[in-house]
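Written out below as C-alpha cells is the structure these notes cover.
Bear in mind that the values in this text are calculations on the coordinates, not laboratory data. Not measured: the values here are computed from a predicted model. Because the Cβ atoms are built from the backbone with ideal geometry, glycine has one as well, and the counts that use them run over all protein chains shown.
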Amino acid sequence: LASRAFKEQDTVVKVGDLEIGGKQIHVMAGPCAVESREQLLESAEMVKAAGATLLRGGAFKPRTSPYSFQGLEEKGLQYLAEAREKTGLKIVTEVMDAGTLPLVAEYADILQIGTRNMQNFFLLREVAKVDKPVLLKRGASATIEEWLMAAEYIMAGGNYNVILCERGIRTYETFTRNTLDLSAVPVVKHLSHLPVIVDPSHAIGKWRFVPPMAVAAVAAGADGLLIEVHPNPSEALCDGPQSLTPENFQSLMKDVRAVAEAI
Ligand code: PEP
Ligand code: MN
C-alpha cells in the first residue's frame, strides 16, 4: 500500500486546509516539550510569525532517563489546544502508547510516532484505527525498508494518511547526535508515494548545524520540516542544545523559502 508500484501518484495528506505532500513546504516547529502555558503560547506566536503552519510539542515525552522531565501529559495537551485556538496552527504531538492514544487523539491534528516506537506494531495497529494523520518517524536503527513496512502496518489497518519523517540514524559518528540520512529523501520518494519530511534537529543535535541541513533537506525534495524552537533554549527542559532561538528560526525560514522558490 505504501509503495509507488501500488500507487503512482503522490499522496497528499490533508490536515484541515493544509496539504502535506502538495506544492507547498510545511514547517512543523515548536519546543521539544510543552513546559508551561507561557512557554508554549510564546513559542506558538513566534513560529507562526516566522511562517510555520504547524506547532509541535510533546506532552508525553520518551526520555532516555526515567529521572528526566517526562512531560505535562493532559495539561500539555490542553495548552496545545489553546495555542491552536489562538494562532490557527495545527498541532503535532507524540503518542507513546495505546493506553493514552484516545486522549492524545482528542487533541492532536497529527499523531506523532517517535523513533523508539517505530516498530511497536501493536501501537501502529492502534493508530491505524484512528481518523487522524500519523507522522511516522524513522527508527534510529531502521533500514528504509523496515520504515516503509512500519508505514504499511498503519495503512493495512485502514489509515492511509501517513507522513514519513527522517530524523537521523545511529552511526559510528558521535559529534552529531545521529546522522541525517538525506539520501533517504529521494530514495523513499522513489519507492513510495507518501510525503516525506525531515527533522534535522534530532538528527544533528546541535542548533548551529540545523539551518544548513534544513535547507539541504528542502533541496533534496522533502515535503516539509520538523524544527525544534524554544523561546529560551538554554533553559529548555528537553533538547535545549538543538533548539533554535526565535531569531535563528526566522533566519532559517527565510533561507528555506528562498530554496523552495528556487527548485
Ligand atoms: C521529538 O520529536 O521530540 C522526539 C522525541 O523525536 P524522536 O522520536 O525522533 O527522537
Ligand atoms: Mn526533542
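Could you work out the pair-distance distribution P(r) of region 13-262 from its alpha-carbon pairs, with 5 angstrom bin width and percents rounded to whole numbers?
Bins of 5 Å from zero give 1, 7, 15, 20, 22, 19, 12, 4, 0, 0 percent of pairs.
Do any cysteines of the chain lack a neighbour Cys whose Cβ is under 4.7 Å away, and which are they?
Lacking a cysteine Cβ partner under 4.7 Å: C165.
Express the relative contact order of the chain as a whole percentage, based on alpha carbon pairs under 8 Å and six or more residues apart in sequence.
On the way: 565 pairs, mean separation 53.9, N = 263.
The normalised contact order for the chain reaches 21 percent.
Going highest first, how would you order 169-182, 225-238 by mean Cβ packing within 10 Å?
Details: 169-182: 15.1, 225-238: 21.4.
Per-residue mean Cβ counts within 10 Å order the peptides as 225-238, 169-182.
State, to one decimal in nm, how far the label point of F6 lies from the label point of E152, with both points 7 Å from Cα in the Cβ direction.
Those two pseudo-labels are separated by 0.8 nm.
Could you run the Karplus curve 6.51 cos²θ - 1.76 cosθ + 1.60 with θ = phi - 60° over region 180-191 and give me ³J(HN,Hα) per residue in whole Hz, x for Gly and Pro?
Calculated HN-Hα couplings, in order: 5, 8, 5, 5, 4, 5, x, 5, 5, 5, 6, 7 Hz.
Could the peptides 91-99, 159-167, 114-122 be put in order, highest first, of the mean number of other beta-carbon atoms found within 10 Å of their residues? Please list the in-between numbers first.
On the way: 91-99: 20.1, 159-167: 24.4, 114-122: 17.9.
Peptide ranking by packing, descending: 159-167, 91-99, 114-122.
Using θ = phi - 60° and the Karplus curve 6.51 cos²θ - 1.76 cosθ + 1.60, what whole-Hz ³J(HN,Hα) does each residue of region 155-171 get, with Gly and Pro shown as x?
Working through the residues one at a time gives 6, 5, x, x, 10, 8, 8, 10, 10, 8, 10, 7, 10, x, 10, 7, 10 Hz.
Using per-residue counts of other Cβ atoms within 10 Å, averaged over each peptide, order 148-154, 204-210, 27-33, 64-70 from highest down.
On the way: 148-154: 21.7, 204-210: 18.6, 27-33: 27.6, 64-70: 10.3.
So the order, starting with the most tightly packed, is 27-33, 148-154, 204-210, 64-70.
Where both partners of a DSSP beta bridge lie in the chain, what percent of those bridges are antiparallel, to the nearest 5? Can you show the working numbers first?
Details: 5 of 32 bridges.
Given both bridge residues lie in the chain, the antiparallel proportion sits at roughly 15 percent.
For region 13-262, please report how many Lys pairs fall under 14 Å Cα to Cα, leaving out neighbours fewer than 8 apart on the same chain. Provide the component values of the computation, followed by the final result.
Numbers: K14/K23; K14/K90; K14/K132; K48/K86; K48/K90; K48/K254; K61/K75; K90/K132.
Close lysine pairs under the 14 Å cut-off: 8.
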